[in-house]
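Bear in mind these aren't lab numbers, they're just calculated from the coordinates by the rules spelled out. Note that the coordinates shown come from a computational prediction; the quantities given were computed from them, not determined experimentally. For neighbour counting, all protein chains shown are included, and Cβ atoms are generated from backbone atoms with ideal geometry for every residue, glycine included.
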Amino acid sequence: MSGAIDLAIRGGTLVTAADRFRADIGVRDGRIVEISERIDGATEEIDATGLFVLPGGIDAHVHLAQPTSDGTVMADDFETGTRSAAAGGNTTVLPFAMQVKGTSLRDCVTAYHEKAAGNCYTDVSFHLIISDPTPQVLGQELPALVRDGYTSFKVFMTYDDLMLNDAQLLEVFDVARREQALVMVHAEGHDAIRHMARRLEEQGRTAPYYHAEAHAEIAEREATHRAISHAQLTDVPVVIVHVSGRDPMEQIQWARRRGMQVYAETCPQYIALTRDDLKGLNMDFEGAKYVCSPPPRDADGQAAIWEGLRDGTFDLFSSDHCPFYFEAPAETGKDNHRARTSFRWVPNGIPGVETRLPILFSEGVSKGRISMERFVALTSTNPARLYGLYPQKGALAIGADADITLWDAGLTRPITQAGLNHGSDYTPYEGMEITGWPVRTLLRGRTTALDGRTVEGPRPGRYQSRGLSEAVTRAG
Ligand code: URP
Ligand code: ZN
Ligand code: ZN
Ligand code: ZN
């Protein structure tokens, strides 16, 4: 081994999912090759005195450049979305390659690769969304894709253009078990939501706020239980994504007490927003800035989410970044006139890839609710383990990629739209006071972002093929 170290990150405090300690990090050819008390003589040095040195954030749930059924254009493509991610302390994101009904899953995956290639400030890998589980998809395309490193896929229990019925869910779960893939479930009961939405519209309740009433927590609880039951029947591990509150959490805890392998994800919107935000200023269209599914709940729900983040109910804290415009630019050919007629036409999803880490750090670590180690586990190490990227990603260890975020735990400033890099024309967290921000992001030893802005130059992000989930190898 040639002794030369390309880069030394010196004087910082390293934090992993398990512990924290003072050390220098030595990087060669984009990998961590030394962790020791003192590293001298590196070609380049970064002074991390007074900063925390974390494994780069891995956001395992983001939506970029997805087509929508009504032609609404997403506010982020791979360039702006990963720029926003890098500025927010992330080194890897996992967007979805979404199958459009009636088309080949493999062709959809190819199209996403074309959108991403050469445009990314972070590494990327794709989960698959299966919306049309034809015999061809289940029998040929999916098994081949899993073997090619697409080792996780998401299924939906609601949305007209995406949802699967129970028979289809069971078919997909069977394939997941056979091929050793990990299934992610959007658990909300479609018929219950449709029933509530129709009733609200008949009563003239059409403001964005009523989205939160239509997408009732009861419908989420019921679907969570149903997804878990299907997983038990087919003997397959599942991840329940974007869990919003106490009721669905109880279903997950119930399953785990019975020894089932159920994993759970929650998101910033469920600790930093409530359904009251959907009221806007005066039950007006401002509320559309907070419409996502499941919707934010209430203060008791937030308290439950914090318990779950502390006690291990949650394995993952992801953004569910799904960015739309409040006022779309004319060139998108879309405006929000139809959305103003009813909550049913407001696109579901909010931006958050850049604010995920600051919100959890500020509300969690700075306020003493979770430890820094738990923060790292939820935002980097666990996503790497569950989605087949560990220990190349999610670790500060010899041989791991030098994906590193330098964190200033004492820096206080508010979240503002002007300070962010995403494509949306608003942030749902405008004005939120944050203590603890990323100040430098390094991807394979190369600085991608400094003080909230990306570094200009060629975009260094690469596609990462993934191994099997630890959930699957654990299941045996
Ligand atoms: O409202 C949301 N969460 N939109 C994104 C799509 C999804 O269901 O994750
Ligand atoms: Zn979802
Ligand atoms: Zn999502
Ligand atoms: Zn119009």
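Listed here are the residues, each with its yes/no results for (1) in contact with a strand residue (DSSP E or B) (Cβ under 6 Å, 6 or more places away or on another chain); (2) within 16 Å of A227 (Cα to Cα).
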site: R147; (1), (2): no, no
site: K154; (1), (2): yes, yes
site: D160; (1), (2): no, no
site: D166; (1), (2): no, yes
site: V172; (1), (2): yes, yes
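Scanning the range 294-307 for residues that are within 19 Å of the chain's Cα centre (by Cα) and surrounded by fewer than 21 Cβ atoms within 10 Å (Cβ to Cβ) yields Q302, W306. Taking first residues from the range 328-353 that are farther than 23 Å from V241 by Cα and of a type in the set (D, E, K, R) and partners that are away from ligand 1 (no atom under 16 Å from the Cβ) and part of a loop (DSSP other than H, G, I, E, B), the Cβ contacts under 8 Å between residues at least 6 apart in sequence or on separate chains come to K334/G71; K334/A328; D335/E327; D335/A328.
Count of the range 268-327 residues, restricted to those that are among the small types (G, A, S) and either in contact with a Phe, Trp or Tyr (Cβ under 6 Å, 6 or more places away or on another chain) or in a helix (DSSP H, G or I) (or both), is 8.
Taking the criterion of being among the hydrophobic types (A, V, I, L, M, F, W, C), crowded, with 18+ Cβ neighbours inside 10 Å and away from ligand 3 (no atom under 16 Å from the Cβ), the residues of the range 146-169 that qualify are V146, L169.
Screening G259 on (1) within 16 Å of F156 (Cα to Cα); (2) part of a loop (DSSP other than H, G, I, E, B) shows it passes everything except condition (1).
For the range 396-440, the candidate set comprises residues that are in a strand (DSSP E or B) and touching a helix residue (DSSP H, G or I) at 6+ places or on another chain (Cβ under 6 Å); within that set, the residue that is surrounded by the fewest Cβ atoms within 10 Å (Cβ to Cβ) is T435.
Per this entry, P143 is not counted among residues that are over 21 Å from the mean Cα position of the chain (by Cα), farther than 28 Å from D401 by Cβ and buried (at least 18 other Cβ atoms within 10 Å of the Cβ). Looking only at the range 281-323, which residues are within 16 Å of ligand 3 (Cβ to nearest atom) and either over 28 Å from N382 (Cα atoms) or among the acidic types (D, E) (or both)? Correct list: D320 only.
Looking at Q253, Q203, Q302, Q269 in this structure, which one is of a type outside the set (A, V, I, L, M) and within 16 Å of ligand 2 (Cβ to nearest atom)?
The unique qualifying residue is Q269.
Take the conditions (1) touching a helix residue (DSSP H, G or I) at 6+ places or on another chain (Cβ under 7 Å); (2) under 16 Å from R246 (Cα atoms); S293 misses just one of them, which is (1). The single residue among T110, T103 that is surrounded by fewer than 21 Cβ atoms within 10 Å (Cβ to Cβ) and part of a loop (DSSP other than H, G, I, E, B) turns out to be T103. Among the residues in the range 337-345, are any closer than 27 Å to I193 by Cα, in contact with a Pro (Cβ under 7 Å, 6 or more places away or on another chain) and within 16 Å of ligand 3 (Cβ to nearest atom)? No; the residues of the range 337-345 include none that is closer than 27 Å to I193 by Cα, in contact with a Pro (Cβ under 7 Å, 6 or more places away or on another chain) and within 16 Å of ligand 3 (Cβ to nearest atom). Counting only residues that are in a helix (DSSP H, G or I) and either within 14 Å of the chain's Cα centre (by Cα) or closer than 21 Å to G88 by Cβ (or both), the range 337-387 holds 25 of them.
Is the range 192-207 home to any residue that is closer than 30 Å to R177 by Cα, crowded, with 16+ Cβ neighbours inside 10 Å and either in contact (Cβ under 8 Å) with a residue 40 or more places away in the chain or of a type in the set (V, I, T) (or both)? Looking through the range 192-207, at least one residue is closer than 30 Å to R177 by Cα, crowded, with 16+ Cβ neighbours inside 10 Å and either in contact (Cβ under 8 Å) with a residue 40 or more places away in the chain or of a type in the set (V, I, T) (or both). Summed over the range 308-325, residues that are over 17 Å from S244 (Cβ atoms) and either aliphatic (A, V, I, L, M) or within 15 Å of ligand 1 (Cβ to nearest atom) (or both) total 3.
For (1) buried (at least 16 other Cβ atoms within 10 Å of the Cβ); (2) outside any loop (DSSP other than H, G, I, E, B), each residue gets a yes or a no:
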{"site": "I9", "(1), (2)": "yes, yes"}
{"site": "F21", "(1), (2)": "no, yes"}
{"site": "V33", "(1), (2)": "yes, yes"}
{"site": "D40", "(1), (2)": "no, no"}
{"site": "I58", "(1), (2)": "yes, yes"}
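Here the condition is being under 23 Å from the mean Cα position of the chain (by Cα), in a loop (DSSP other than H, G, I, E, B) and more than 19 Å from A17 (Cα to Cα); of T72, T49, it holds for T72 alone. Within the bounds of the range 328-335, is there any residue that is surrounded by 20 or more Cβ atoms within 10 Å (Cβ to Cβ) and assigned to a loop (DSSP other than H, G, I, E, B)? So far as the range 328-335 goes, no, none of its residues is surrounded by 20 or more Cβ atoms within 10 Å (Cβ to Cβ) and assigned to a loop (DSSP other than H, G, I, E, B).
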